[in-house]
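Remarks on the structure that follows.
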Amino acid sequence: MKKIYSIYLPVFLQILFASALWGQTITVSGTITTGSAAEKLVGVTVAVKGSSNGAFTNVDGAYTLKASPRDTLAVSYTGYQSLEIPINGRTQIDILLEEMASALGEIVVVGYGSQKKKVVTGAIATVSEKDIASTPVLRVEQALQGRTPGVQVTNQSGQPGEEPTVRIRGIGTTGNARPLYIVDGLPVGGIDYLNPGDIESIDVLKDAASAAIYGARAANGVVLITTRSGKKGKATVTYSGYYGIQNAVRNVDMLNAEQYRLLMNEGARNAGLSEPFDLNEIPTHNTDWQDALFVKNAPMSNHQVTVSGGNDKSTYASSLSVFSQEGIIGGEKSKFDRITARFNSNHQVSSMFRFGNNLAYSHIVRRGIGSNQSFNGAFSSALNLDPLTPLFETDPNILSLAPYSTEPVVKDASGRVYGISNYVGAEIVNPLALLEIQHSETRKDELVGNIFGEFEPIAGLKLMSSFGVDLAYLLNDGFRPLFYLNGAQLNVDQTSVNKAIARFFTWQWENTLSYGRRINDHNFNVLVGTTATEFKYEDLSGFNADVPTSDPNNVYLNLATDTTWTAYGGAAHSALFSVFGRINYDYKDRYSVTAILRRDGSSKFGSNNRFGIFPSFGAAWVVSEEPFFPQSKQMDFLKFRASWGINGNQEIGNYQFVSTIDNTRGYTFGSGRALGSSPLFIENADIRWEESKQIDIGVDAGFFQGRLSASADYYIKTTSGLLERIPIPAHVGNDGPVSNVGSVENKGIELALNWRNSAKNFKYSVGINGAYNKNQMTKIGNEEKVIPGASWAIAGQVTRSEVGQPIAYFWGYKTAGIFQNEGEVFSHLNSDGQVLQPNAVPGDVRFVDVNGDGIINADDRTFIGNPTPDWTFGFNASLEFKRFDFSVFIQGTQGNDVFNGMQRQDLRFTNRTTDVLGRWTGEGTSNTTPRYTWIDVNNNSRVSDLYIEDGSHIRLKNIQLGYTLPTSMMSRVGGTSWRFYVSAENLLTLTKYTGADPEIGAQGSFDIGIDRGVYPQARTIRFGTTLTF
Amino acid sequence: MKAHKRTLQFLVPMLLLVGCSKDFLDRKPLDQEVSTNFYQTEDDAIQALVAVYDVLGYQDSPGVSWAPALTVSDMLSDDTYAGGGDANDGLDENELNTFNIPATNQLVHSMWIYNYIGIYRANLLLEKIDGIEAGDAFKTRVKAECKFLRGYFYFQLVRSFENIPLLTQTIKGPSEYAQPQSSPQAVYNQIALDLLEAVQDLPQVIPSSESGRISKWAAEALLGRVFLFYNGVYNADLQAGSVRVDRAKALELLEDVIGNSGHDLLPNYADIFRLASEFSVESVFEITHGDSPIWWDWGYVRGGEGNLSAQMQGPRVTGSTNWNRGWSFAPVSQKLVDALAGDPRQDATILRQEELDGTLAKGFQHTGYFSQKYSSDAEHWGSGGQFELNRTCNNRVIRFSDVLLMAAELGSPNAQTYLDRVRARVGLSSVPASLDNILRERRLELSLEGIRYFDVLRRGMAFATQELNVSGVRGPNYVGDQLLFDVAFKPATRGFLPIPQREIDLSAGLFQQNAGY
């Protein structure tokens, strides 16, 4: 909104006061375009230099003005390079405007307003509409990946719609490390409702000083999202859409039936057990479970129509979009559909008052499957199930026997019976059968919007009031059919149905008062404001059993015939109230300072520590504005920035400062079951705000007339008073409270370089960014100085946090090769000369007595890897030649480890990757893969560095080729532009990781980079078009 | 001026919000009570007491594993194996069965956790009870019940883990989390004190509407069991405050139960574990399990009341009208079958695969025998819900025949009569009341009731090694390599379980692992 205001108002004034008659005048006209595709620019200011005479371009990019033949035209347009063109008597001047090579002239959204990037004191990164549009992303977070240094985005898995992990400047908390998302001024809980196609810009506030204006919830960084607004002029209608097909990138190499039987026999033999397979028999089946599981050409599509326009008083931008994506595992069972509608408008009622709205509705239907789990994961089962089991059992002799004849075995739509393994049990089942029985669906209807009014009684003094709501209804469906997957995974008694509906409602009322003025070279802006937010939640759910149905996708409670109806309903609420102020001051664009103070009160804390105060201060010095700065063509811009600030984090559950009484602790006596109650956890009335302190030093520079821009930042971010429910000894007898338990430090460097240039018909740009972050726990307040982390399969903990180590590092035994012979076993001694691993035999793993206490036991577990990358980087290049455009986007990480836990080594009969073919089978055969045995007395499969692999990767995220039809062709059909493109995502990934996908997001703060058979990301080929009228 | 007026119109509500922010920010849970307004009325106290009883029924722990104490101790004994659907199904169980128990074993951890939950809830109510508005008689009984239950939970812990922290108050905050392990003696003495104090104040008669609540007789009988184990393992007497609990004192308590409680043997041994015999005259201490409320939630199993032992130990059979879909854990050993050969109690103790109709899936360590006492039999099926979670059989923790045999073992003048009563009930003739005969009778009378393993341990490591080592014994229906059925006891552990690794890690270096691990 602000943008329009500042761009257009001067233009009107110029038109109004234009003096038309100045001696000899001619009429000059022309068209202003940009790019090799000659895109017409609307609203460009064309003025006669040194006068107030001017005009702006219309929707066809055309302008007309009167001037003297000796005048010079001054052409300016936000985000583009300004030009001065002598008229020299011409009457037709067509102008090609180039986009600003450096972003320094841009306006940056800073929270409660915007600021010229040149005078910004903090570290703010902007992702443009164009970047967002180039990759087909379902969720907004994905558009940030690799675009800006210091913002690490990791996809949770390849499942459509899953929330990616976003970490700004490292993991600053052991709690919820998700940044705060603010859409058009309204903080929102999740942004899956938002159609990326509606976004105009994303600004990421990385340093504490920038984020401090959102003090209470800013500790993880703030992502400000501005949705599209309308532009004055003729209405434009844009259709954009694409259709894509997705396929699995690669299969993990698993043993085939022959190799599998040999290995199993060897495992039994090594354990002294009888061999399970007679190798003289020819195996009936040789199933490749991954081939069976991956959907071929899973579709993905998006269609969006945007209408925008406006007149002098009102502007609007509305859109409608329909998005659909099926997963490469499960297809329909792993699907995300979204319909969105948006209506943004802005009305200038009088010179003093304007109001407007940003309203969005979305409807989401989501079906999901477990995407990274050891137990009952479809992909995990595909990687562990034996190849001897058929996908479908067709042998009538087998079908006439138990379990096929006696159990509710699972069938596909055409009645074929899924095969059941005779060998692997537990949680490993036929993955297709597992998908077949899943019938859960989530539907969400969400309305997010705000209305605002701005009143400017005197120039520069603005009172703004904005009321926003985020209302979501979530409906969860679940149907549990009868099924028998194997002897351990079954439901053979009663079908059941559950439905749950939840209502989330947040309102926010925000009032700000600001005054900005320029007095000579002094420019200042003062802002004060208040925000009140209330969150309310209520849910209602029901459950019943025995559902006679032929259509498992349409099951309702009323169909159920059992008498055991159950209903649940709960509610929660919370509130936040904040007062804040900010002063921005700059002198001649040369020196600028920003100071912010915010006080937040949160209902999440008890009366002891309810309020938190969050100050910040930043300063910038644009050296190149100094008179002493040498005028040079090489370096034309140089700026230093420094900032300091404190942000808060309150992302814990409600009411953690009191203990709630749980009344589900009943017991049965003679008269029936009696109600029992006890506290849910030990209370801690003293919990207080988690605080994140950050120092940022940055430098921005521009070279070669803005062709090359560079910026670098160094930061130290220390979070103290981490809010965490740390595990406490079980003898306490109840769960511990959330407490302020520790500190974590993130230090890092961010670098960005962009080069852009153009020649005739040819325009190109290259950008590279990289960020280094070092994360370390500096304090933990429990006895152990440790916070235990994630578990894997049945092995228990595999990650933990500990003072002096990175958050959630991998923790296990260190190994030192394989015992090659008896001699090596007996020479693996402690300092007293005792054999360290007396139970080991040749072929077993040699473990290291890390603490040197003479025995190898649980105390020897140590650091074996770090899931968080040292470096994250992005590279993009674009090239436009005549009507063709081409772009490449590469993203990657360096220095992160992955825990390869996709194989259930604790279970017998599970299939193995072909890596096992290189196992130890005799002296000198392997020093990395132990012998294969079913009775593993040496516990070779314990959590050790043998599971750790390098997860560094470089991924060709997107490559795109586009063509725009000639304007002449378009004008015949009444359109203004029509572009076609073809693009590919995830075409190539370079990594040493041997699993299906090295990109594994966080399932929790302590659960990062553990591959339990992660749903891999698809390779997508897309065809798309954008048509504007 | 006009502008000023409008400015005020904006500012006033802003200022008002600042003013009322205190109330605006004061939020309490909407759908639950909070600790600050609980523990006030008699009704609150009853709910708090029920929450302590609730833990009696716990057989699993939050996020850890199913570990019914009864099944676990029988798997440790020579009466049953680990079993389960296949070798993968019962990994932790098999670790127990073979005495290759890592400190990370989940069943071990599970038992540790749930017993301490009970201790916490008992301690909490003992701290709160005096501040509650209620009559003295009410408070006295509640305190006595809390003490009994605390004693029971401690006994479960100390006889399994030996070296455990002793807490008689709740932990108030992080500075108290780290606690040292107490000497076993201190723990046993506290148990004895709790039980003796409970004996003073517990009622003698429990009306049928209250059945499940603890009687004086239960406390006396439990103290007898505690004494026998402690005395057997440590060869010492208990000190309950100023009262010495020696052989004579323990016997006196048991004689009181035998003489004055009105408890007696049921006429028919086979009836003991029938549904109709719940809280029968024979039952001195019984833990309830049931199907109310009908339970569905696999994620919060202990919220329901079903007997998990029955589910775990039932045969893995489908299409049967008499047994349904157990998990075939703890299959009974040929050794126990041999011991019961010719004994009239054999059929009521052991379920043979030949008795099963329907289709039997033979699980890991299949022996062809299952428990008849706690099983997935039709009589104990729940009336709905997830059938695995709604098995209704109550756990008979202390039976009157156990009391008789304990008194006989402690040298009662009526030892012969007591032993004869137990034998005569099943039609066996009298044998001399020698210690060997009494102990042999215990094994046969009480097998598959979670008693055997501790009875073996308290007779010393030589005996335990002799009894618990199994090699080469094989029944006609065994399936699988003999290696899977051979067990070697580790006397270095003295039969105790390892302190869970997780607890050692969290103990600030205060916990020592038990010997032999």
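The values are calculated or read from the model by the stated rules, or taken from the named source; none is laboratory data. Keep in mind it's a predicted model, so treat the numbers as computed, not measured. Note that we place each Cβ from the backbone using ideal geometry, even for glycine, and neighbour counts take in every protein chain shown. Ligands, DNA and RNA are excluded from the accessible area calculation, which covers all protein heavy atoms including side chains. Shrake-Rupley method; radii C 1.70, N 1.55, O 1.52, S 1.80 Å.
Which distance in Å, rounded to a whole number, links the C-alpha centroids of the stretch B:34-68 and the stretch A:941-955?
Taking the Cα centre of each part, the stretch B:34-68 and the stretch A:941-955 sit 43 Å apart.
With a ≥ b ≥ c taken as the square roots of the eigenvalues of the C-alpha gyration tensor of the stretch A:195-332, please select rounded if a/c is under 1.5 and otherwise prolate if a/b is larger than b/c or oblate if it is not?
Judged from the Cα gyration tensor, the stretch A:195-332 comes out oblate (a/c at least 1.5, b/c at or above a/b).
Taking the Cβ of residue B:145 as the center, what net charge do the other residues with Cβ under 12 Å away carry, scoring Lys and Arg +1 and Asp and Glu -1?
Spelling it out: positives minus negatives among the neighbours equals +4.
Per 0.36 nm of contour for each residue apart, how much would the distance between residue A:280 and residue A:613 grow if the chain were fully extended, relative to their Cα-Cα spacing?
Value of the extension gain: 112.2 nm.
Taking a virtual spin label 7 Å from the Cα of residue A:969 along the C-beta vector, which residues in the stretch A:23-67 bring their backbone nitrogen under 16 Å of it?
So the set is A:37-39.
Filter the trypsin sites (Lys or Arg not before Pro) in the stretch B:159-225 down to the DSSP loop ones having no more than 13 other Cβ atoms within 10 Å, then list what survives.
The qualifying sites are B:172.
Quickly estimate the mean residue ellipticity at 222 nm for chain A, helices only: each DSSP H run with n ≥ 4 gives -39500 (n - 2.57), and the total goes over all residues, rounded to 500.
Numbers: 11 runs with 78 residues, N = 1029.
Computed mean residue ellipticity for chain A: -2000 deg cm²/dmol.
Roughly how compact is the stretch B:433-473, stated as its Cα Rg over 2.2 N^0.38 Å to two decimals?
Working: Rg = 10.8 Å, N = 41, 2.2 N^0.38 = 9.0 Å.
Expressed relative to 2.2 N^0.38 Å, the Cα Rg reads 1.19.
So what is the relative contact order for the stretch B:139-194, in percent, with contacts set as C-alpha pairs under 8 Å and at least six apart?
Here the relative contact order equals 46 percent.
At a Förster radius of 51 Å, what calculated FRET efficiency corresponds to the Cβ-Cβ distance of residue A:762 and residue A:803, to the nearest 0.05?
0.35
Separation between the residue A:631 and residue A:557 pseudo-spin-labels, each 7 Å from Cα along Cα→Cβ, expressed in nm?
7.9
In what sequence, largest accessible area first, do A:731, A:828, A:522 appear using a 1.4 Å probe? Spell out each step's value before the answer.
Values: A:731 5, A:828 30, A:522 75 Å².
Ranked list, largest accessible area first: A:522, A:828, A:731.
Report relative contact order for chain A in percent, whole number only (criteria: Cα-Cα under 8 Å, sequence separation at least 6).
11
Ignore the peptide's own chain and count Cβ atoms of other chains within 10 Å of each Cβ in B:502-509; give me the average, rounded.
6
For the stretch A:794-927, just say rounded, prolate or oblate: build the C-alpha gyration tensor, square-root its eigenvalues into a ≥ b ≥ c, call rounded for a/c under 1.5, and beyond that prolate if a/b exceeds b/c, oblate if not.
Prolate, because a/c is 1.5 or more and a/b exceeds b/c.
Roll a 1.4 Å probe over the protein heavy atoms and report the accessible area of residue A:961 in Å², nearest 10.
Counting only protein heavy atoms, the figure is 90 Å².
Quote the relative contact order of the stretch A:745-880 in percent (integer), defining contacts as alpha-carbon pairs under 8 Å separated by 6+ residues.
The value is 26 percent.
Can you compute the FRET efficiency between residue A:26 and residue A:311 using 1/(1 + (r/R0)^6), with r the Cβ-Cβ distance and R0 = 25 Å? Round to the nearest 0.05. Present the calculation step by step, with values, prior to reporting the outcome.
Details: r = 30 Å, r/R0 = 1.20.
The pair residue A:26/residue A:311 has a calculated efficiency of 0.25.
Classify the stretch A:274-364 as rounded, prolate or oblate, taking a ≥ b ≥ c as the square roots of the eigenvalues of its Cα gyration tensor: rounded when a/c is under 1.5, otherwise prolate if a/b is larger than b/c and oblate if not.
prolate
Around residue A:826, with a cut-off of 13 angstrom between Cβ atoms, what is the net charge of the other residues, counting Lys and Arg +1 and Asp and Glu -1?
-2
Would you kindly calculate the translational diffusion coefficient of the stretch A:958-1022, applying Stokes-Einstein with the Kirkwood radius from alpha carbon pairs, for 10 °C and a viscosity of 1.306 mPa s, and quote it in µm² s⁻¹ without decimals?
After rounding, the answer is 103 µm²/s.
May I ask for the distance between the Cα centers of the stretch A:589-641 and the stretch A:780-843, given as a whole number of Å?
47
Which angle between 0 and 90 degrees, to the nearest 10, do you get for helix A:257-270 versus the longest principal axis of chain A when only C-alpha atoms count?
Helix A:257-270 and the main axis of chain A meet at about 50 degrees.
Give the Kirkwood hydrodynamic radius (Å, one decimal) of the stretch A:359-458, defined as one over the mean of 1/r across all pairs of different Cα atoms.
17.0
Where does the charge balance sit around residue B:203 when Lys and Arg score +1, Asp and Glu -1, over other residues with C-beta under 11 Å from its C-beta?
Numbers: positive: B:141, B:213, B:216; negative: B:145, B:201, B:210.
Its environment carries a net charge of 0.
With no solvent and one point per C-alpha, what does the Debye sum give as log10 I(q)/I(0) for the stretch B:450-517 at q = 0.16, 0.24, 0.29 Å⁻¹?
-0.73, -1.01, -1.16
What distance in nm separates the simple spin-label points at residue A:888 and residue A:92, each placed 7 Å from Cα in the Cβ direction?
4.1
Taking a threshold of 24 Å on the Cα-Cα distance, which of the pairs A:206/A:774; A:785/B:147; A:296/A:444; A:760/A:957; A:49/A:130 fall above it?
Numbers: A:206/A:774 16 Å; A:785/B:147 35 Å; A:296/A:444 28 Å; A:760/A:957 29 Å; A:49/A:130 32 Å.
Violating the 24 Å Cα-Cα cut-off are A:785/B:147; A:296/A:444; A:760/A:957; A:49/A:130.
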